[in-house]
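Report on the structure given below.
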Amino acid sequence: MRARLFRATAIVAGVMAIAAWGASGALAEYAPLNHRGPRLSVPAKQLKAALRCTDSVATDPREPILLVPGTTMTPEVNFSWNYERALNALALPYCTIELPNRAMSDIQVAGEYVVYALRKMSKFERHAHARKVQVIGYSQGGMVPRWALRFWPDTRKLVDDDVGLDASNHGTVTAKSSCFEGCAPAVWQQRDDSAFTAALNSLAETFPGISYTEIYSQNDEIVVPNLDESGSSSVHTGGGTISNIAVQQVCPGHVADHLAMGSYDPVGYALALDAVTHAGPAQAARIALTVCAEPFQPGVNPETFAADDAAYDQWAGETFATWPRVDSEPPLKCYVTASC
């Protein structure tokens, strides 16, 4: 059984602040875009233990890549048998960040882990000057960095590229049925009509100086709808440069479901790599059409693929089905509101 998550309704920013229900339940305005971010509430020791980097991150002058896993996932389950191997083969510096409780608990807290990772990766001890970070995230992992960028403005100068693979940027309609009799906090928050989703996309979806690449599959059965640029994954309002690209734009008729996009899809990988190895966001025109004939992305071992993919699917399904359920969405944190 495969994990079922999220969907999409674009929440467009207006000139005036949009009203939202705050943590206290009282009607409040969203925090201004440049409102100083709060102190991190997660203990520093916990944050440090969640960030794991290749040795080259401390010595390589190139911009390091941050891999952020999806709901139900740890970095090992999500990336060890695909992206990590591919990046190792290319000798690219990278880190992974483990979101708390398999990315099933409050995403507002998960956002603090990304904030910590961006700050730490941008300036390791052996570098005299700060570097920018390139982010590649899958599903919730493609969305939660945007929470960090929205509510911790200091992180915006630390990011060069923000790349999402089937990111739940505007939530999903499938989470509604999943939460009919309660669901995990992170699933509540990834409903298309959640207070979290509205806050995430409040006032501006993107920020100047950052290149945004949102890669999605029209066959996504979890982040729904994702048929075109009006779907969940795509971003629009704000600054920065934006590319919203369906893998079917590169390979018409391409079949890739949600879990494939975060693990072995060669077209999604090609677009993600294009984004982090070129200035600006990915461009579909740069992708060689030979990728359409590839069964797997680089890093995936064809001899162990069946077992690797089965373990990945089983982990996602069992985590989703057995995780403790709660009856309502976590309240918005005080820092989300202008009156905090």
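The values are calculated or read from the model by the stated rules, or taken from the named source; none is laboratory data. Note that the structure is predicted; figures quoted are calculated from it, not measured. Heads up, the Cβs are rebuilt from the backbone with ideal geometry, glycines too, and the neighbour counts pull from every protein chain shown. These area figures cover heavy atoms from the full protein model, side chains too; ligands, DNA and RNA do not enter into them. Shrake-Rupley method; radii C 1.70, N 1.55, O 1.52, S 1.80 Å.
So what is the orientation-averaged projected area of segment 79-200, using the convex hull of its C-alpha atoms, in nm²?
If you wrap the Cα atoms of segment 79-200 in a convex hull and average its projections, you get 8.2 nm².
Ignoring ligands, DNA and RNA, please state the percent of accessible area on the chain from carbon and sulfur, probe 1.4 Å.
56 percent
With the chain treated as a Gaussian network of Cα nodes joined by springs under 10 Å, which of 39, 119, 52 yields the largest mean-square fluctuation?
39
What is the dipole size for segment 110-222, taken about its Cα centre, with +1 at each Lys and Arg Cβ and -1 at each Asp and Glu Cβ, in debye to the nearest 20?
The dipole magnitude comes to about 660 debye.
Specify whether the C-alpha gyration tensor of the chain places it in the rounded, prolate or oblate class, a ≥ b ≥ c being the square roots of the eigenvalues: rounded for a/c under 1.5, otherwise prolate if a/b is larger than b/c and oblate if not.
rounded
Once you charge only the Cβ atoms, +1 for Lys and Arg and -1 for Asp and Glu, what is the size of the charge dipole of segment 174-320 about its Cα centre, to the nearest 20 debye?
440 debye
Along the charge dipole of segment 159-252, Cβ charges K/R +1 and D/E -1, which of 248, 202, 233 sits furthest on the positive end?
202
With +1 assigned to the C-beta of every Lys and Arg and -1 to the C-beta of every Asp and Glu, and no other charges, what is the dipole magnitude of the chain about the Cα centre in debye, to the nearest 20?
Around 1280 debye, computed over the chain.
For the chain, what is the accessible area per residue in Å² when the probe is 1.4 Å?
Averaged over the residues of the chain, the accessible area is 40 Å².
Highest first, please rank the peptides 320-329, 233-242, 157-166 by the mean number of other Cβ atoms sitting within 10 Å of their residues.
Packing order, densest peptide first, comes out as 157-166, 233-242, 320-329.
When a/c reaches 1.5 or more, the comparison of a/b and b/c decides; with that in mind, is segment 135-183 rounded, prolate or oblate per its Cα gyration tensor?
prolate
What are the ³J(HN,Hα) values, in whole Hz, obtained from phi via the Karplus relation 6.51 cos²θ - 1.76 cosθ + 1.60 with θ = phi - 60°, for each residue of segment 275-283 in sequence order, with x given for Gly and Pro?
After applying 6.51 cos²θ - 1.76 cosθ + 1.60, I find 5, 8, 10, 10, 5, x, x, 5, 10 Hz.
Using the Cα centre of the chain as origin and beta-carbon charges of +1 (Lys, Arg) and -1 (Asp, Glu), tell me which of 75, 331, 223 is placed farthest towards the positive end of the dipole.
Looking along the dipole axis, the top candidate is 331.
Which shape class, rounded, prolate or oblate, goes with segment 144-212 when its Cα gyration tensor gives a ≥ b ≥ c as root eigenvalues, a/c under 1.5 marks rounded, and past that a/b bigger than b/c marks prolate?
Prolate is the answer for segment 144-212, as a/c is 1.5 or above and a/b outweighs b/c.
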